[in-house]
1. Select from Phe203, Gln28, Thr225 the residue farthest towards the positive end of the dipole of the chain; place +1 on Cβ of Lys and Arg, -1 on Cβ of Asp and Glu, and compute about the Cα centre.
2. Which entries in Lys38/Lys230; Lys102/Lys189; Lys129/Lys181 show an alpha-carbon gap greater than 21 Å?
3. Are there trypsin sites (Lys or Arg not before Pro) in segment 35-136 that DSSP marks as loop and that have at most 11 other Cβ atoms within 10 Å, and which are they?
4. When the Karplus curve 6.51 cos²θ - 1.76 cosθ + 1.60 is applied with θ = phi - 60°, which whole-Hz ³J(HN,Hα) does each residue of segment 112-122 get, with x for Gly and Pro?
5. So for segment 85-151, what are the equivalent ellipsoid semi-axes in whole Å, largest first, each being the square root of 5 times an eigenvalue of the Cα gyration tensor?
6. Using only alpha carbon pairs under 8 Å that are at least six residues apart, calculate the relative contact order of the chain and give it in whole percent.
7. Quick one: pull the percent of accessible area on the chain belonging to carbon and sulfur, 1.4 Å probe, ligands and nucleic acids left out.
8. So what is the relative contact order of segment 125-186, in percent, for Cα pairs below 8 Å that sit 6 or more residues apart?
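The values are calculated or read from the model by the stated rules, or taken from the named source; none is laboratory data. Since the model is a prediction, treat every value here as computed from it, not as a measurement. As a convention, Cβ positions derive from the backbone with ideal geometry for all residues, glycine included, and neighbour counts pool all protein chains shown. Each accessible area value is taken on the protein alone, full model and side chains, heavy atoms only, with ligands, DNA and RNA left out. Shrake-Rupley method; radii C 1.70, N 1.55, O 1.52, S 1.80 Å.
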Amino acid sequence: MAFYKEIFNERGKSYNLAMEKWPKARDQERRIILDLIKPSKGDIIVDAPAGGGYLSEALYEAEAIPICVEPAKNFGDYIPPHFETHFTDIFCTPLESLSVDKVGSLAGLHHLTREQIQQFFDECFRIMKHGGKIAVADVLKGSDVAIFLNGPVDRWTETGHDGNFFEEGELSEYMRKSGFKNITENHEKFYWSFSKHDDLISFCHFLFGLKKAKTEELAPTLSETLGIVKADGSHLLKWSLIYAYAEK
């Protein structure tokens with residue numbers, strides 16, 4: 001099984017290229033977690049794993065102070081240099097106890113073991129101030145997204161994909177065990193949006209590093225596994241994640 005560092009040191013550059021070329025494609029996905037975190041001016045907010053800084057860029061635009069924690073150096077090289085960044089495991093950070101206001105984690109936890117996931121929430125509780133907030137988003141076990149990632153993405157990437165996806169209520173249970181309260185969890189469905197069908201296909205090719213996929217395979221697989229919709233001149237790829245929120 002390939003884990004986070006191995007996967008994203010291999011395909012982080014391709015992932016970041018996709019986000020650079022189509023920066024608004026995942027706006028709906030990011031908006032949901034932002035609505036939970038509610039970043040405001042001066043908030044110190046940890047983004048973990050930060051990837052290329054996609055969530056952190058929105059936090060910065062809201063005048064919050066992002067702290068990026070990213071295990072894969074090749075992935076995190078795209079994080080803006082003016083952001084505080086730590087290249088380390090997200091479940092063992094150098095941050096001081098009671099030093100941050102909020103934590104956000106967007107679709108990266110499924111690359112960890114169950115033990116590491118619990119350690120991550122314990123670490124978030126340690127570094128977070130009293131009254132702080134955490135919001136995480138990840139893949140629902142058995143969902144179309146899970147089937148796509150552990151199916152076609154697993155077959156067509158150099159590293160494979162063996163995601164450790166989440167049952168309903170599982171993220172909430174991790175949070176509860178770490179000491180968080182006022183926990184909510186919802187499975188949210190939304191779209192990745194593109195102006196052209198070819199852009200949608202290319203985005204997925206680069207984002208997931210589908211080097212082994214044949215050109216003629218990818219479009220029908222995306223359509224059959226996830227679903228592609230055309231509406232109001234946009235080409236939309238169906239996507240979904242579990243969003244869990246809690247307070248300290």
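1. Of Phe203, Gln28, Thr225, it is Gln28.
2. On the way: Lys38/Lys230 31 Å; Lys102/Lys189 24 Å; Lys129/Lys181 14 Å.
Correct reply: Lys38/Lys230; Lys102/Lys189.
3. Lys41
4. 9, 6, 4, 5, 5, 5, 5, 4, 4, 5, 4
5. That gives 26, 13, 10 Å for the three semi-axes.
6. 23
7. 48
8. 29
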